[in-house]
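Please treat every number below as a calculation from the coordinates, not as lab data. Keep in mind that what you see is a predicted model, and the values were worked out from it rather than measured. Here the Cβ positions follow ideal geometry from the backbone for every residue, glycine too, while neighbour counts run over all protein chains shown.
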Amino acid sequence: MATIGTDIQQAKHLLQNGELVAIPTETVYGLAADATNVKAVAKIFEVKDRPRFDPLIVHVASRDHLVKYVKSIPVKATLLAEKFWPGPLTLLLQKQPIIPDLVTSGLDTVGVRCPDHALTRRLLAELDFPLAAPSANPFGYVSPTTAAHVEDQLGEKIPYILDGGQSRVGIESTIVGFEDDRVIVHRLGGLSIDDIEAVVGSLTVQTQSTSNPTAPGQLSSHYAPRKKVVIGDIDKLLHANNGNRVGILSFEKDFGSAHQCILSPSGNVQEAAQNLFSALRMLDAMPIDVIITAFVPPEGLGLAINDRLKRAAH
Ligand code: TXA
Ligand code: MG
């Protein structure tokens, strides 16, 4: 059984010994290992049941550490890191040999980010290696946003969960790559497109599932609960599902059902993002057959929420 606590020294010792520790971040909880230790990184893939073609994100204490792990930093990447780190932004950069191929699934780029969570930043500052950490859930399932979510699914398989409370942002980081002078968004996430464009100008969004197996965050089905998810007009779906045991995931409206989760009663997309994955987990545990939901307003983080809903419904 995992111990749940806030003991940074214990987390540090486990990580130094090649063990896994679940860590809180502002986006979702990560399942962390020493990114420079191949054996430790291999445990991540085992515990998550994750295919080895799915590369991991490497977490660093600050921008100053980047030079050790990446070969070069495009000007636009520097601008973004200066503006948004620590924060929910992952940059894809050319990796140095110290980052094992297992971490990047053989790609020559590595995803790096500096997470914005006090406990995890203190931990990173004490370590002389960066942390490889995917979301701390079994492959394909909804990401965890509390220590209890991690405990529920991976508690038997890992020694320690660093408890940093509920994740503030609630959805995974936005992933950005650089090709020549172009900025490409590979995964919508906790930092909005508008915020990124304000710094680097116009960009390309390339998040559709492709035949490229190196980015499963882009697989059509991902971030999915076990129950079937259907998206549309909730009133019409309620009518169409008359006779089924239905759970409702609504943005702001109260449908007066015992089996419903309201993402943000005040209609705020940030609050909705924060509650999304907890709500999907709660509905998954209810005595229902189908989860019906509707897209949220497609602005700011609403775009990332709708992306996750689509993948959950696939
Ligand atoms: O917010 C987050 O990003 C969280 C927290 C823990 O930091 N992490 C996270 O990791 O969501 P994960 O493993 O669940 O998703 C990482 C995704 C991969 O599925 C892949 O799509 C993409 O990041 N990725 C990582 N490295 C990449 C690379 N070199 N090239 C392309 N995509 C990459
Ligand atoms: Mg994940």
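Only Lys, Arg, Asp and Glu count, each charged at its Cβ (+1, +1, -1, -1), so figure out the dipole size of region 44-184 about its Cα centre, rounded to 20 debye.
Working: 15 positive and 18 negative charges, 66 e Å.
My answer is approximately 320 debye.
Once you place label points 7 Å from the Cα toward the Cβ at R122 and D152, how far apart are they in nm?
Calculated label separation equals 2.8 nm.
Roughly what % of DSSP beta bridges within region 31-142 run antiparallel, to the nearest 5?
Numbers: 9 of 12 bridges.
So the antiparallel bridges in region 31-142 amount to around 75 percent.
State to the nearest 20 debye the size of the charge dipole of region 32-77 about its Cα centre, where the only charges are +1 on K and R beta carbons and -1 on D and E beta carbons.
The calculated dipole for region 32-77 is roughly 140 debye.
Send over the Kirkwood Rh of region 1-130, from the inverse of the averaged 1/r over different Cα pairs, rounded to one decimal Å.
Details: mean 1/r = 0.0669 Å⁻¹.
Its Kirkwood hydrodynamic radius stands at 15.0 Å.
Run the helix sum for the chain: -39,500 (n - 2.57) per DSSP H stretch of 4+ residues, divided by residue count, reported at 222 nm to the nearest 500 deg cm²/dmol.
So the helix-based figure for the chain works out to -9000 deg cm²/dmol.
How many angstrom separate the Cα center of region 19-61 from the Cα center of region 240-314?
28
Just the Cα atoms of region 155-314: what Rg and Dmax do they give in Å?
Final numbers for Rg and Dmax: 17.1, 55 Å.
Taking Cα pairs under 8 Å and at least six residues apart, what relative contact order does the chain come out at, in percent?
It rounds to 20 percent for the chain.
Less than 14 Å Cβ to Cβ from H13, Lys/Arg counted +1 and Asp/Glu -1: what total charge do the surrounding residues give?
So the environment of H13 carries a net charge of -4.
Assign unit charges at the C-beta atoms only (+1 for Lys and Arg, -1 for Asp and Glu), then state the dipole size of region 1-108 relative to its Cα centre in Debye, rounded to the nearest 20.
Using only the charged Cβ atoms, the result is roughly 240 debye.
For M286 and K236, calculate 0.36 nm times their separation in residues minus their Cα-Cα distance, and state this gained length in nm to one decimal. Please list the in-between numbers first.
Numbers: separation 50, 0.36 × 50 = 18.00 nm, distance 2.15 nm.
Using 0.36 nm per residue and subtracting the Cα-Cα distance, I get 15.8 nm.
Suppose R0 equals 35 Å; then what is the FRET efficiency for I98 and T6 from their Cβ-Cβ distance, rounded to the nearest 0.05?
On the way: r = 30 Å, r/R0 = 0.85.
Efficiency computed from Cβ-Cβ geometry: 0.70.
Order these by the 10 Å Cβ neighbour count, fewest first: H239, H117.
Ascending Cβ contact count within 10 Å gives the list H239, H117.
Okay, which of region 123-166 sit inside 15 Å, backbone N to the point 7 Å along the Cα-Cβ direction of Q16?
Within reach of a label on Q16, which here means backbone N under 15 Å from a point 7 Å along Cα→Cβ, region 123-166 contributes 123-130.
Based on alpha-carbon positions alone, could you give the equivalent ellipsoid semi-axes of the chain from the gyration tensor, as √(5λ), descending, whole Å?
32, 23, 17
Can you compute the FRET efficiency between E46 and T78 using 1/(1 + (r/R0)^6), with r the Cβ-Cβ distance and R0 = 35 Å? Round to the nearest 0.05.
0.45
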